[in-house]
Amino acid sequence: MLTDQESTDLADVEPAVKAKRDMISVEDLSLVFPTNDGDVHALSDINLRIKSGDFVSFIGPSGCGKTTLLRVIADLEQPTSGTLKVNGTDAQDARLNRLYGYVFQAPALFPWRNIRDNCALPMEVSRQTNDHQNKQIDKYLKMVGLQDFHNKYPWQLSGGMQQRASIARALCLNPDLLLMDEPFGALDEITRDHMNIELLRIWSETKKTVVFVTHSIDEAVLLSTHIVVMSPRPGRILKVIESPLPRLKNLALRDDPKFHALVSEIRSALADQHAID
């Protein structure tokens, strides 16, 4: 874990080279769920570009389609219309080629497997060698600070530690893209703050592209290079805000006027849409 001073020092350092490549490209995408009570329009006319190496948060009211859009990117839901590319390929090929790791709201760890064996599971499925599995597990458990807990079972760990294990598992396949669906939503505020800073450190070390769903405006501002503000259902993109803040941040940055201005901009965009509705 970084000290406050280390985080402050890192916050002043910008990457020398900005990412250029589109990691995710969405054009005119809509999704309608047919039900017995009539169609549910979940997403409407989504257009979005996410560059490699960015940290992008989806934020909006409950039921606005944040998780649905994340699941479409992951090929877990199929759009009704429009196109979506992940690293230049379609979502199905991206899933089959394991171009992304997915971190769910709950850690989704198997209780009968210890942490090491839980991390090994996706590599077992892809039939990677035991030697490669061990190297990856050692690398990422150390990165998330769980190297001394590899033989523990999920029920022996706190909620925050379980989520760290789930992040390590998602990283073990070394994906280009990390999809995260409110991974810290169930944690207490102190643990959530700690996990936010840890995630920023992991993102900095791995150089992954991260797409993150959250209900917390402060969390979105603290973590993100870009914030995608979504409307109530049917989910539309109201605004994509590029953060003026450093890519690497610490909790003290919450007192910065630029932080407060960005929070206010997001609140205003959400409030304006509710007023229209």
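The values are calculated or read from the model by the stated rules, or taken from the named source; none is laboratory data. Remember, it's a predicted structure, so these values are computed and weren't measured experimentally. All Cβ positions, glycine included, derive from the backbone under ideal geometry; neighbour counts span all protein chains shown.
Pairs linking a residue in segment 36-53 that is outside any strand (DSSP E or B) and modelled with pLDDT of 90 or more to a residue that is buried (at least 16 other Cβ atoms within 10 Å of the Cβ) and of a type in the set (A, V, I, L, M), with Cβ atoms under 6 Å and 6 or more positions apart or on different chains, are S52/M23. When L109, L70, L84 are checked against the criterion of being of a type in the set (A, V, I, L, M, F, W, C) and in a strand (DSSP E or B), a single residue qualifies: L84. Restricting attention to segment 74-103, the residues being in contact (Cβ under 8 Å) with a residue 60 or more places away in the chain and hydroxyl-bearing (S, T, Y) number 2.
Can you name every residue in segment 178-196 that is in a loop (DSSP other than H, G, I, E, B), in contact (Cβ under 8 Å) with a residue 60 or more places away in the chain and of a type outside the set (A, V, I, L, M, F, W, C)? Walk me through how you get there before you give the answer.
Going residue by residue through segment 178-196, those that are in a loop (DSSP other than H, G, I, E, B) are 182-188.
If we keep only those that are in contact (Cβ under 8 Å) with a residue 60 or more places away in the chain as well, we get 182-183, 185-186.
Within segment 178-196, E182, P183, G185 meet the criteria.
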